[in-house]
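First up is the structure itself, then whatever we jot down about it.
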Amino acid sequence: MLVRIVRDYLRPYQGLVTVLVGLQLVGTIASLYLPSLNGRIIDEGVAQGDTGFILRTGGWMLAVSLAQIAATVWATYLGARSAAGLGRDLRAQVFARVGDFSAQEVSRFGAPTLISRTTNDVTQVQQVVFMGAAMMVSAPIMMVGGVIMALREDVGLSWLLAVSVPLLALSVALVIRRMIPQFRTMQESVDWVNRVLREQITGIRVVRAFVREDHERARFAEANTQYTGTALAVGRLMAMVFPIVMLIFNASTVAVLWFGSHRVASGQMQIGEMTAFMSYLMQILMSVMMATFMSMMIPRATVSAGRIAEVLDTDSTVVPPADPLTIPRVGAGIELRDVTFAYPGADVPVLQGVSLRAEPGRTTAIIGSTGAGKSTLLSLVPRLYDVTGGQVLIGGVDVRDAALEDVWARIGLVPQKPYLFTGTVASNLRYGDADATDDELWEALRIAQAEDFVRAMPQGLDSPIVQGGTNVSGGQRQRLAIARALVAKPEIFLFDDSFSALDLSTDARLRSALKPVTRHAAVVVVAQRVSTIVDADHIVVLDDGLVVGAGTHDDLLVTCPTYVEIVESQQSAEAAA
Amino acid sequence: MSEGVKTAEEKAAEARRGPGARAGQRHGPMMGAGVPAEKSQNFVPSAKRLLGLLQPERTPLYAVLALAVASVGLSAIGPKILGRATDHIFAGVVGARFPVGTDKAQLVEALRARGEGKLADLVGGMPYLVPGQGIDFGAVGDVLLLVLGIYLVASLLSWAQGWLLTGAVNRTIFGLRRDVEDKLNRLPLQYFDGQPRGELLSRVTNDIDNVAQSLQQTLSQLLTSLLTVVAMIAMMLYISPLLALIALVTIPVSMAVTAAIGKRSQKHFVQQWKSTGELNSVVEESFTGHELVKVFGRQDEVRSSFRAKNDDLYAAGFGAQFVSGIIMPTMMFIGNLNYVVIAVVGGLRVASGSMTLGDVQAFIQYSRQFTQPLTQVASMANLLQSGVASAERVFEVLDATEQRPDAVGATVLDEPRGRVEFEDVSFSYDPANPLIEHLDLVVEPGQTVAIVGPTGAGKTTLVNLVMRFYELDAGRITLDGVDITALTRHNLRSEIGMVLQDTWLFGGTIRDNIAYGKPGSSEEEVLAAAKATYVDRFVHSLPDGYDTVLDAEGGNISAGEKQLLTIARAFLSDPALLILDEATSSVDTRTELLVQQAMSALRHDRTSFVIAHRLSTIRDADVILVMRDGQIVEQGSHAELLARDGAYAELYAAQFSGAAVDVDSGEAPAPELTPARG
């Protein structure tokens, strides 16, 4: 997955990457050349007492150092550009993909994971690409180059490479391999500790009401103890890494001196060459160690890449038609014909053979218990989901045959969970219509019974709304969401249990204020309270996904036992009569 | 994200920073630069207090210090001794060129006489040279064995040091976490109301994690890095003051360069952080409000604001990566310059006989090793800053005013009859906004009291006062004639069962969540409670029944089902007093009817306070209180209040007529903005 994504998304930066590899090659060769020059200073300068040679070679070393930093900085620049570019493109691609998803895919993944896939996971991949450009490219070059240089100095000592390089790689890898599962455990324990704390803080009233402080304390102590245990285990493993690395480095130096001295004595090697060899060995070991540490990032990035690919490989189940029909301009009512809907993988359909008509200028109410399928029914109209059987029509056109934008332009939706966006009251209301005037906004607020509290806010329409609208109460949020739909002046209003957080008198006033403005629109109201829908033109009673009754309030009191049950559960017999 | 709570991914990334940072010890500051240093308010006192936390661990910490000194010291003398091996070898190489029999002084003179002054200088400067003799392998072997031993011991000591340190730090953090959690239990509810939950959560989770991380890393690395710098400088001065001076020039140079780059990269990192945050909220909003974005046809706007933020992040991310990425090459370059100068000057000095080749070699090793810890120390400063800033935020929690302790020699109330009396009670969350003033109320044992009224009237507050969630400003509340402040909170609350407006379930099975109501309850009791409150019905439709694990926010069951669970929990606790705060507002009305039946069985013979929106559910209450603006404006039975044709009658009419009713609900917007009011 990682390879596929990196390959696909690095393609636009192919040129940069090629130059980068070339530069890393130059930089690496330059840094390998330095010890060789130093060796010659010793053998041809120091040992011969040739100071001129020492100075000349020193000048060379300086030039090589300059070349080395120039190449490395340039390579870093290119690496940063390609990695950041890849990150940007990948994020944009994932974001666009999710933008095309229907509610079905969004709910299948869940918004939180989609968010972290777009952001954190992409960052992971981006990071590994940058690190790769900086170190993983140069490590093998360094390895190969170092080996070649070492061989050039003396073949006879090269077996030391064959011992110390694998020894280092192996021992570091062994410790890391033991550490990786510990990291996972540690992550789990951190999550556990934090979850307990989160629960204690959010549930503080319940904890205190049930006097369970001691229980919570014990629960926390357990989590804390496990966490500390894991952290200790990880810390102790980590404490081994540095001493091991240090020891292998130092022992290698000692070994070079011992075996090198014999070769020097037998004239197979000069002493400066031995010093150079020592430097190569150090450089090779260093790059091996870096590569080993960097490779720790790969498993994580692979997981991230997999999660990204999963999003990219998912197609929306709601497909726009190739050749869209146009919904007639006026009087677009809604009709559901024998609609069946089941969530993917579910045995039991949520809706079964539901037929109903919502005519313009009339209010159609849908009532039923929780889980009866009311909200699902509403979400079929704007094609948040597609029916699994039957048809949903707007103005006589199957919604699947019309352009999505055309369908959405007709609909004002007030969802069950009234979500507001970061910005101001005004910017949220203008979601419905970007060009609405302030007067139009106030009018919508007046109808939605939100005028008073918005006026009471210090900045009125420009009062800030935080993400999700959590700085206003649930009832206020609902009324703002209603106002938002009103600003859009749609032909179809879908109210999904939108009055539940309102107290009853506000609910009543809102409904009577709505009547004149929705005179020509088709209004569909999902509700649990009978009082909210008692004067609807048409009431549909849903029970377990089936229509069990339809008609006016008075009709249903006679014909529909389920409706009667609902009514009775909410009011006394005489009040209902 | 908006709460500042890190995702698992981010934390995992942090957890993985550990070994990388370890590697950084030798490779310059690649880590630690990623987090913009948060400035602490009072760095010195907070840092002192943080160190004070380590007090109980002082014995191991002294050992850590001793081990670090020993280990760094041994590592430092290694190259110097190793230099002797090189000298032996070099002496052997040069010495073999000369005839046997003469001694060194004679040889030097002979060479000078022959006009080979330079060679004479070189030979004169070689302590182990014996003319005519090749490499003395015995001597070389001895030196190498000694060095090997030194390195081995140094590594072992370093390991022991890491081992002890990790224990000390983790035990300290364990204690800190425990203290903070303990503290949470003693804080008054006002403290929790007074700030966003995310803020507090972030302090007790992210900040403590950050303190742990900073302690662990700074203590181990700062110590060794500083010691290493000192040891290296000492060794360099010892070998050659001249070369040491040259090498030391690089200290200010590399410090200045690191600081300059660090400052620039810091700017980029802050920008990157900011852009990431902004991009995250665009993404979060458009995914969370996915359907609204679509239905309101705002995809183009969302896409273009995403593109803008994505481009910002690209620019900032590129800048941050590039600028921080060049720190390492730059340090390497400075190191190389150093190397060149030392190689040349050292070479000249060996040639002139004023220094040995082994010493130059040792010197090169020292100079290469001391620039790394130097940059390490610089980057530690950031980490330390952010760690202390986090510690400060944790200390603020620890220093918060606690709730009034339980009365000493508290009265113990066992199985109270349940007579509750409010005597001239006044209470406000904020002295500027009086809420409840001079309230009197008597509830007889076994009575059901219903409280109705508009949002913000003080309904929830009233019952919270009975629970002693808040302390009164004036007056008193008694239970069976005993002032509730004379009881322990444990005693008082054990006698009261409460079902709250906001359902709260913890991550665990449904069974555990119900059993929360009563410690040590049996399976039968849990099942009985579940059956009585209609939990049993929906549990059977869940794949794992009572073993279904609820996720943290209880997202896998509906709001109504959550409420039923909390009712079952209260049912199980079998209290003397019952408080139901909007307990069935999310349950559909037919289920509610069933629950009502169970509730009236539960309420039987128990004093109960019931807050409800749906007036139908409280018609049979013994007393109905109509509250408005913290005052009880009407009081009586359903029939009495209807007959009075006042506020209650109006509310009732509004609820059941379905037509527009012109009722002034008296709803004030401001109180809705503050939490915990009914």
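Couple of notes before you dig in:
- B:Leu152 being among the aliphatic types (A, V, I, L, M) and more than 20 Å from the chain's Cα centre (by Cα): yes
- Look at (1) of a type in the set (Gly, Ala, Ser); (2) under 20 Å from A:Met149 (Cβ atoms); (3) modelled with pLDDT under 90 and you find that A:Ala63 fails only one, number (3).
- Lone unmet requirement of (1) within 12 Å of another protein chain (Cβ to nearest Cβ); (2) over 19 Å from B:Ser608 (Cα atoms); (3) at pLDDT below 85; (4) in contact with an Asp or Glu (Cβ under 9 Å, 6 or more places away or on another chain) for B:Gly555: (4)
- Residue count for the range B:155-172 under the criterion of being buried (at least 20 other Cβ atoms within 10 Å of the Cβ) and either more than 7 Å from chain A (Cβ to nearest Cβ) or under 16 Å from B:Glu396 (Cα atoms) (or both): the result is 7.
- In a residue-by-residue description of the range A:250-270, the property of being closer than 30 Å to B:Leu165 by Cβ, of a type in the set (Phe, Trp, Tyr) and either within 35 Å of the chain's Cα centre (by Cα) or more than 8 Å from chain B (Cβ to nearest Cβ) (or both) applies to no position.
- Test result for B:Leu176, touching a residue at least 40 places away in the same chain (Cβ under 8 Å), in contact with a Leu (Cβ under 9 Å, 6 or more places away or on another chain) and facing chain A (nearest Cβ under 8 Å): no
- So B:Ala601, is it in contact with a helix residue (DSSP H, G or I) (Cβ under 8 Å, 6 or more places away or on another chain), part of a loop (DSSP other than H, G, I, E, B) and of a type in the set (A, V, I, L, M, F, W, C): no
- Any strands (runs of 3 or more DSSP E) falling wholly within the range A:460-577 and containing at least 1 residues that are touching a residue at least 40 places away in the same chain (Cβ under 8 Å) and surrounded by fewer than 19 Cβ atoms within 10 Å (Cβ to Cβ): A:546-551
- Checked against (1) more than 10 Å from every other protein chain (Cβ to nearest Cβ); (2) more than 22 Å from A:Arg208 (Cβ to Cβ), B:Lys562 passes all but a single condition, namely (2).
- Only listed residue being buried (at least 17 other Cβ atoms within 10 Å of the Cβ), of a type in the set (Phe, Trp, Tyr) and within 14 Å of another protein chain (Cβ to nearest Cβ), chosen from B:Phe506, B:Phe427: B:Phe506
- Any chance A:Ala223 is surrounded by fewer than 22 Cβ atoms within 10 Å (Cβ to Cβ) and either closer than 30 Å to B:Arg468 by Cβ or without any contact (Cβ under 8 Å) to a residue 40 or more places away in the chain (or both): yes
- Identification of strands (runs of 3 or more DSSP E) wholly contained in the range A:337-417 with 2 or more residues that are in contact with a Gly (Cβ under 8 Å, 6 or more places away or on another chain) yields A:351-358, A:389-394.
- Helices (runs of 4 or more DSSP H) lying entirely in the range B:236-345 (those with 2 or more residues that are within 7 Å of another protein chain (Cβ to nearest Cβ) and within 31 Å of the chain's Cα centre (by Cα)): B:241-288, B:299-325
- Residue count, the range A:152-190 (criterion: crowded, with 18+ Cβ neighbours inside 10 Å and free of Cβ contacts under 8 Å to residues at least 12 places away in the same chain): 1
- B:Gly83 meets the conditions (1) surrounded by 15 or more Cβ atoms within 10 Å (Cβ to Cβ); (2) over 30 Å from A:Leu247 (Cα atoms) in every case but one. The failed one is (2).
- Those helices (runs of 4 or more DSSP H) lying entirely in the range A:18-125 with at least 3 residues within 10 Å of chain B (Cβ to nearest Cβ) and among the aliphatic types (A, V, I, L, M): A:51-100, A:111-116
- Counted residues, the range A:466-496 - those being in contact with a Pro (Cβ under 9 Å, 6 or more places away or on another chain) and not hydroxyl-bearing (Ser, Thr, Tyr): 16
- Residue count for the range A:41-55, restricted to those that are at pLDDT 85 or above and within 58 Å of the chain's Cα centre (by Cα): 0
- Among the residues of the range A:257-284, those identified as free of Cβ contacts under 8 Å to residues at least 60 places away in the same chain and not in a helix (DSSP H, G or I) are A:Ser266, A:Gly267.
- Criterion violated by B:Ile135 - all others in (1) in a helix (DSSP H, G or I); (2) out of contact with any Lys or Arg (no Cβ under 6 Å at 6 or more places or on another chain); (3) of a type in the set (A, V, I, L, M, F, W, C) satisfied: (1)
- Residue in the range A:442-454 that is at the interface with another protein chain (Cβ under 10 Å from one of its Cβ atoms), within 17 Å of A:Ala527 (Cα to Cα) and in contact (Cβ under 8 Å) with a residue 12 or more places away in the chain present: no
- Some residue of the range B:518-530 being in contact (Cβ under 8 Å) with a residue 24 or more places away in the chain, under 24 Å from B:Glu582 (Cβ atoms) and surrounded by fewer than 16 Cβ atoms within 10 Å (Cβ to Cβ): no
- The set of residues in the range A:499-542 being more than 13 Å from every other protein chain (Cβ to nearest Cβ) and of a type in the set (Ser, Thr, Tyr) consists of A:Thr518 alone.
- Close Cβ contacts (under 8 Å, 6 or more residues apart or on different chains) running from residues in the range A:67-93 that are acidic (Asp, Glu) to residues that are part of a helix (DSSP H, G or I) comprise A:Asp89/A:Tyr9; A:Asp89/A:Pro12.
- Set B:Ala76, B:Ala85: member being more than 10 Å from every other protein chain (Cβ to nearest Cβ) and either of a type outside the set (Ser, Thr, Tyr) or part of a helix (DSSP H, G or I) (or both): B:Ala76
- Picking from residues in the range A:85-127 that are touching a Lys or Arg at 6+ places or on another chain (Cβ under 8 Å) and β-branched (Val, Ile, Thr), the one that is surrounded by the most Cβ atoms within 10 Å (Cβ to Cβ) is A:Thr118.
- Residue check for B:Ala37: away from chain A (no Cβ under 14 Å) and at pLDDT below 55: yes
- Restricting B:Val499, B:Val466 to residues that are buried (at least 23 other Cβ atoms within 10 Å of the Cβ) and of a type in the set (Val, Ile, Thr) narrows the list to B:Val499.
Conditions tested, residue by residue: (1) within 10 Å of another protein chain (Cβ to nearest Cβ); (2) within 32 Å of the chain's Cα centre (by Cα); (3) part of a strand (DSSP E or B).
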position: B:Tyr470; (1), (2), (3): no, yes, no
position: B:Thr478; (1), (2), (3): no, no, yes
position: B:Asn491; (1), (2), (3): yes, no, no
position: B:Arg511; (1), (2), (3): no, yes, no
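The values are calculated or read from the model by the stated rules, or taken from the named source; none is laboratory data. Given the structure is predicted, the values throughout are model-derived calculations rather than measurements. No Cβ is skipped: glycine too gets one built from the backbone with ideal geometry, and neighbour counts run over all protein chains shown.
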